[in-house]
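Trainee: Pasting in a structure now, in structure tokens, and then I'll have a few things to ask.
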Amino acid sequence: MKRRIFLILSIILVSTSFLAGQTTTDKREKKKNLTVKEWNTSAATKTRYLDHVTKFDANGFKIEEIEYANYGQKTRTTFEYNEAGKCIKQTEYDSRNKPVRIRKFEYYPDGSKKKQYNYSPSGKLETTKEFEYIFDK
């Protein structure tokens, strides 16, 4: 009898989670302290080389993304988040690890992006981008 109840509860639990789908928190949970390396292999020479590295912090947030070329690091981007888990700053670096672009973000109360501010490495505001959301009827 206990087995039958356990089985029924298990089925209900699995069905409920399947129908509900994965939440953002669940997805972040799987990425805690994770490093993902992407490798390419040349069909002609069978040479394997590193293409991309993405690192996640202890909370499952992406904190660094590095793109490689045949000569080494092509670009590196770092990410900073607020208490609500929204990315508030991205800093992009060149192949010599010198900052080339800084982006800062503002959000609406519902969590959607409101504005993006683009700065030079010296901190001078260069451009802004506003996000507008229009739902078709």
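Trainee: Could you tell me whether GLY21 is touching a Ser or Thr at 6+ places or on another chain (Cβ under 7 Å), farther than 23 Å from ARG103 by Cβ and either of a type outside the set (Asp, Glu) or at pLDDT 95 or above (or both)?
Mentor: On the way: touching a Ser or Thr at 6+ places or on another chain (Cβ under 7 Å): no; farther than 23 Å from ARG103 by Cβ: yes; either of a type outside the set (Asp, Glu) or at pLDDT 95 or above (or both): yes.
So GLY21 fails the test.
Trainee: Name the pairs: first residue in the range 24-49 and over 24 Å from TYR68 (Cβ atoms), second residue exposed (fewer than 11 other Cβ atoms within 10 Å of the Cβ) and modelled with pLDDT of 90 or more, Cβ to Cβ under 7 Å, at least 6 apart or on different chains?
Mentor: What qualifies is LYS32/ALA58.
Trainee: Here is a further query. For the range 90-103, state whether one or more residues are exposed (fewer than 10 other Cβ atoms within 10 Å of the Cβ), assigned to a strand (DSSP E or B) and not β-branched (Val, Ile, Thr).
Mentor: Checking the range 90-103: not a single residue is exposed (fewer than 10 other Cβ atoms within 10 Å of the Cβ), assigned to a strand (DSSP E or B) and not β-branched (Val, Ile, Thr).
Trainee: Identify, from the list GLU65, GLU80, the residue that is touching a Ser or Thr at 6+ places or on another chain (Cβ under 7 Å), closer than 26 Å to THR25 by Cα and modelled with pLDDT of 95 or more.
Mentor: Answer to the selection: GLU65.
Trainee: Can we say ASP136 is among the charged types (D, E, K, R) and closer than 23 Å to THR35 by Cβ? Talk me through it step by step, then tell me what you get.
Mentor: Numbers: among the charged types (D, E, K, R): yes; closer than 23 Å to THR35 by Cβ: no.
In short, no.
Trainee: Next question. Would you mention how many residues in the range 32-49 are within 19 Å of the chain's Cα centre (by Cα) and of a type outside the set (Phe, Trp, Tyr)?
Mentor: 7
Trainee: Sort out which residues of the range 64-123 are more than 19 Å from VAL36 (Cβ to Cβ) and of a type in the set (A, V, I, L, M, F, W, C), and write them in order of number.
Mentor: ALA84, ILE88, VAL100, ILE102, PHE105, listed by residue number.
Trainee: Six or more apart or on different chains, Cβ atoms under 9 Å: show the pairs whose first residue is in the range 118-137 and surrounded by 10 or more Cβ atoms within 10 Å (Cβ to Cβ) and whose second is part of a loop (DSSP other than H, G, I, E, B) and of a type in the set (S, T, N, Q).
Mentor: Here the result reads GLU126/SER120; PHE131/SER112, each pair linking the range 118-137 to a residue that is part of a loop (DSSP other than H, G, I, E, B) and of a type in the set (S, T, N, Q).
The values are calculated or read from the model by the stated rules, or taken from the named source; none is laboratory data. All figures in this text were calculated on a predicted structure; none of them were measured in a lab. As a convention, Cβ positions derive from the backbone with ideal geometry for all residues, glycine included, and neighbour counts pool all protein chains shown.
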